[in-house]
Amino acid sequence: MNGLRFGIRVRAWLAALGAAAAAGLVSAADAPAPLHLRIVGGLGSLNQFTRHERPFWETDLARLSEGRYTAEIVPFDRAGIRSQEVLTLVQLGAVPFATLPVSGGITKDPELTAPDLAGLNPDMASMRRSVAAFRPYLETMMRERYGIEVLALYVYPAQVVYCKKPFSGIKGLAGLRVRTSGPAQSDWVEALGGKPVTTGFGDILPFLARDELDCAITGTMSGNTIGLDKATSHIHPMAISWGLSLFVANGAAWNGLPADLQALIRRELPRVEHAIWDESERETVDGLACDIGAPTCKAGRPGHMAEVPSSPADERLRREIFASTVLPRWLQRCGPQCAAVWNRTIAHVAGIEAR
């Protein structure tokens, strides 16, 4: 089934499907086995989807269940769904199972973006610590507030700055129009004197071609995959953020699954999650190597970009901007309860308290 047809069906679910369809499965009373799941995945052009999500749902599930269960999956960007809509659609049950983009896709609940705020995690080790500290609270909150079960957490490679012209360190972004994926990245760019332009991943190249952007923040390998190394000339290796997403299930849909299928998913999705995190860590390094045409480039296409070195001054400024701008603005958007949540979760590993 192609993405367009599946996207139309996703939209139709909102108005037409009853409780059985909202459970995301075809019941034994209505259709013969195997039971079939419908999944909305992450960005379709990236390795998280092509190497991990799609193979698991479309191949591994049937093999592991000996044919009792099957699934079809389509990326949200090819299903007629905007990233900002995924949370609501899952909560309503119109999309029973989905990869929910958090860092750039959440406007409904800023609290979910806490572990991947811009400037918080300069390396993968920091990202792992922040997510581990926040995860127990996140899983409980999603279940109690939205009736949604969190089954896995995925991450993209480091989100870094690509620019069409030379710049000297992150201070050099002052006055430049920089693509951002959400409010926290925009806060970070504004604190440097830059002009944030929030757009979807698919808009980066068209905006650059129309000269509506000077720079873009996106993943090192993601940028290489779409040819961003050809549309820009300079890259800064500092991780602004990473790109966190949750694999979630509508509570009614999850509770409607057979117990053995629930157990299989609980057992196997951590393996998928682990593989995605490990690959994102490798791709952060390999993506940068490919963008600049280093001989160590393996999985991407060798480019010809110039690397702008990250200096100790850049690192000090990253931490200062996070503490003085990004965290306080997130607290303003999130609400008074979020300071307490931050301080009992991520503050312990970040070393920065919310005041």
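Taking Tyr154, is it part of a strand (DSSP E or B) and more than 21 Å from Ser130 (Cβ to Cβ)? Judged against the criteria, Tyr154 is not a match.
Restricting Val86, Val90, Val74 to residues that are touching a strand residue (DSSP E or B) at 6+ places or on another chain (Cβ under 6 Å), closer than 23 Å to Leu261 by Cα and of a type in the set (A, V, I, L, M) narrows the list to Val90.
If you check Ala263, Ala299, Ala294 for being small (Gly, Ala, Ser), surrounded by fewer than 21 Cβ atoms within 10 Å (Cβ to Cβ) and within 23 Å of the chain's Cα centre (by Cα), only one passes: Ala299.
Taken together, the criteria place Ile204 among residues that are part of a helix (DSSP H, G or I), of a type in the set (A, V, I, L, M, F, W, C), crowded, with 21+ Cβ neighbours inside 10 Å and touching a residue at least 12 places away in the same chain (Cβ under 8 Å).
Considering the stretch 93-102, and only residues there that are under 18 Å from Leu257 (Cβ atoms) and within 17 Å of the chain's Cα centre (by Cα), the residue that is surrounded by the most Cβ atoms within 10 Å (Cβ to Cβ) turns out to be Ala98.
Answer yes or no as to whether Gln91 is closer than 27 Å to Arg54 by Cα, free of Cβ contacts under 8 Å to residues at least 60 places away in the same chain and of a type outside the set (Lys, Arg). Don't jump to the end; show me each part of the working.
Working: closer than 27 Å to Arg54 by Cα: yes; free of Cβ contacts under 8 Å to residues at least 60 places away in the same chain: no; of a type outside the set (Lys, Arg): yes.
The answer is no for Gln91.
The residues on offer are Lys108, Lys164, Lys171, and the sole one that is of a type in the set (Lys, Arg) and in contact with an Asp or Glu (Cβ under 7 Å, 6 or more places away or on another chain) is Lys164.
Might you check whether a residue that is under 26 Å from Pro312 (Cα atoms) and in a loop (DSSP other than H, G, I, E, B) occurs anywhere in the stretch 73-94? Even if it seems obvious, please write down each step before you answer.
First, the residues of the stretch 73-94 that are under 26 Å from Pro312 (Cα atoms): none.
There is no residue in the stretch 73-94 that is under 26 Å from Pro312 (Cα atoms) and in a loop (DSSP other than H, G, I, E, B).
Against the numbered list (1) touching a Phe, Trp or Tyr at 6+ places or on another chain (Cβ under 9 Å); (2) more than 30 Å from Lys298 (Cβ to Cβ); (3) assigned to a helix (DSSP H, G or I), Val189 comes up short only at (1). Within the set Ala114, Ala125, Ala62, the sole residue that is part of a helix (DSSP H, G or I), in contact (Cβ under 8 Å) with a residue 12 or more places away in the chain and surrounded by fewer than 20 Cβ atoms within 10 Å (Cβ to Cβ) turns out to be Ala62. Scanning the stretch 71-86 for residues that are surrounded by 23 or more Cβ atoms within 10 Å (Cβ to Cβ) and over 13 Å from the mean Cα position of the chain (by Cα) gives Ile73, Val74, Ala79. Please verify whether the stretch 81-95 includes one or more residues that are more than 25 Å from Arg271 (Cβ to Cβ), of a type in the set (Ser, Thr, Tyr) and modelled with pLDDT under 95. Yes, the stretch 81-95 contains a residue that is more than 25 Å from Arg271 (Cβ to Cβ), of a type in the set (Ser, Thr, Tyr) and modelled with pLDDT under 95. Summed over the stretch 171-186, the residues that are closer than 19 Å to Glu111 by Cβ, not polar (S, T, N, Q) and not in a helix (DSSP H, G or I) give a count of 1. Evaluation of His304 against the conditions (1) farther than 20 Å from His236 by Cα; (2) surrounded by fewer than 19 Cβ atoms within 10 Å (Cβ to Cβ); (3) outside the structural domain of Asp116 (by TED's automatic domain parsing) shows that the sole unmet condition is (1). Scanning the stretch 199-223 for residues that are at pLDDT below 95 and polar (S, T, N, Q), which turns out farthest from Gly175 (Cα to Cα)? Going through the qualifying residues, I end up with Ser222. Number of residues in the stretch 234-281 that are of a type outside the set (A, V, I, L, M), closer than 29 Å to Gly182 by Cβ and touching a residue at least 24 places away in the same chain (Cβ under 8 Å): the value is 17.
The values are calculated or read from the model by the stated rules, or taken from the named source; none is laboratory data. Note that the structure is predicted; figures quoted are calculated from it, not measured. Don't worry about glycine lacking a Cβ; one is built from the backbone with ideal geometry, like all the others, and counts go over all protein chains shown.
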